[in-house]
Structures are given as C-alpha cells and as structure tokens.
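Student: The following block contains the structure, expressed as structure tokens.
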Amino acid sequence: MWASWKSGHKPLACGCTGWTGGLFYDDGGAMNEQKIPCACGCGELRARFDAKGRERRFIDGHAGRGRRHSTETRALLSGLMTGRTVPREIVERRAASIRGPKNGRWKGGRYVEASGYVCIRTPHDLRAHAGGYIYEHILVYEAAHGPIPKGMIIHHKNGKCDDNRLENLEMVTQSEHRMRHIAAGR
C-alpha cells in the first residue's frame with residue numbers, strides 16, 4: 001500500500017539512499033514487488049509500476065501485439081525483414097490488392113502535387129519518382145519532340161504548372177529557366 005508521498009530519498013537494501021521519485025512504502029517494501037499479467041495477452045508477468053512510480057499496462061515492446069496481420073501479410077513481412085524470398089504469388093496478390101484500379105482511392109493514375117504539378121503513373125519508367133509517377137508536362141513534351149537532353153528543363157511559358165498544353169511548354173537550360181523565374185518574380 002502507498003502510505004505516504006515523501007520527497008527526498010529512501011534507504012535501499014545496500015544501505016545507501018536512492019531516489020524513488022518521491023513515492024515509496026512505509027513498510028520498507030520495494031515499489032515493483034507486485035507482478036501482474038501484461039495487457040497484450042502474452043501471459044508474461046510484469047511489474048505494476050515503472051521506476052518512476054507510474055502504472056504501466058504493457059511490458060516494453062508489447063503494446064502493439066494485439067493487432068494481427070493475415071497469414072499472407074505475415075509471410076510477406078517476415079520474408080522482407082529477414083531477407084528470405086517470398087513466394088511470387090503472395091507478392092503479386094498483395095500488390096494487386098493495394099495498387100491500381102482495385103484500390104478504393106484510385107483516381108486513374110493521375111494526381112496533382114501540392115506545388116501544382118500534375119503527375120501521371122508510369123511505374124516502369126526509370127525516371128519515375130516515388131510511387132512510379134512522372135510529371136505530365138515532361139511526358140507531353142517528349143511525345144511531341146522526343147527525349148529531353150540532359151541538363152534541359154521543360155518550362156511552362158504562362159507560369160501555370162497544371163497547364164500542360166504543348167504550345168505552353170518549351171525546353172530551356174537550367175540557368176535560363178532560373179533567369180525567367182527571377183524576371184517573372186516567381
């Protein structure tokens with residue numbers, strides 16, 4: 001039983017005094033003597049209070065144990081984390097259920113970034129950034145004029161990032177692109 005809130009130190013079994021966070025027993029017992037089962041359901045016993053006297057429900061690292069993945073997902077995760085190979089059909093089934101038209105939030109492979117640029121999903125293109133998307137203005141320009149040389153940028157003439165008409169796009173060098181934005185005050 002908690003008998004009192006005393007500030008300061010408590011004598012320990014070794015004879016020295018140690019800080020107990022201001023909470024200790026009058027009968028001289030240790031704070032963490034009482035053991036109760038972990039709340040995750042593992043069956044392990046744990047101390048009811050931590051070193052600072054706060055009541056705890058879980059053993060460290062057990063808080064997320066109540067949530068369970070499907071058997072397929074567990075196999076996929078264990079294979080990815082341990083470096084083992086995962087059967088291809090599990091990987092394909094998992095990928096198909098999340099990406100593309102089967103996803104409930106699918107918008108046709110097109111989205112607008114916060115900066116205003118329109119992105120198109122082309123996952124097999126080597127230039128695609130995270131998620132397999134490329135800027136639409138690059139694809140439009142390349143469809144009409146061929147590949148863009150290294151060091152060149154596609155510039156929107158009217159300054160509107162979502163206006164990807166071919167007549168609004170031009171290829172410029174990086175330094176020229178910067179100068180145009182400085183001159184326009186953007």
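Student: For region 91-116, what are the residues that are among the basic types (Lys, Arg) and either within 20 Å of Leu169 (Cα to Cα) or at pLDDT below 75 (or both)?
Tutor: Once the filter is applied, which keeps residues that are among the basic types (Lys, Arg) and either within 20 Å of Leu169 (Cα to Cα) or at pLDDT below 75 (or both), region 91-116 yields Arg93, Arg94, Arg99, Lys102, Arg105, Arg110.
Student: Look through region 98-113, keep the residues that are within 23 Å of Thr73 (Cα to Cα) and surrounded by 12 or more Cβ atoms within 10 Å (Cβ to Cβ), and return whichever of them is farthest from the chain's Cα centre (by Cα).
Tutor: Gly100
Student: Follow-up. Under 7 Å between Cβ atoms, at least 6 apart or on separate chains: pull out the pairs that start in region 157-186 with a residue that is part of a helix (DSSP H, G or I) and end on any residue that is charged (D, E, K, R).
Tutor: Between residues of region 157-186 that are part of a helix (DSSP H, G or I) and residues that are charged (D, E, K, R), the close pairs are Asn168/Lys157.
Student: Residue by residue through region 114-149, note down the ones that are closer than 23 Å to Pro101 by Cβ and under 22 Å from the mean Cα position of the chain (by Cα).
Tutor: Once the filter is applied, which keeps residues that are closer than 23 Å to Pro101 by Cβ and under 22 Å from the mean Cα position of the chain (by Cα), region 114-149 yields Cys119, Arg121, Pro123, Ala128, His129, Ala130, Gly131, Gly132, Tyr133, Ile134.
Student: Another question about this same structure. In region 117-126, which residues are surrounded by 12 or more Cβ atoms within 10 Å (Cβ to Cβ) and either at pLDDT 85 or above or among the hydrophobic types (A, V, I, L, M, F, W, C) (or both)?
Tutor: Tyr117, Val118, Cys119, Ile120, Arg121, Thr122, listed by residue number.
The values are calculated or read from the model by the stated rules, or taken from the named source; none is laboratory data. In this text, all values refer to a predicted model and were calculated from it rather than measured experimentally. Quick reminder, even Gly has a Cβ in these numbers, built from the backbone with ideal geometry, and neighbours come from all protein chains shown.
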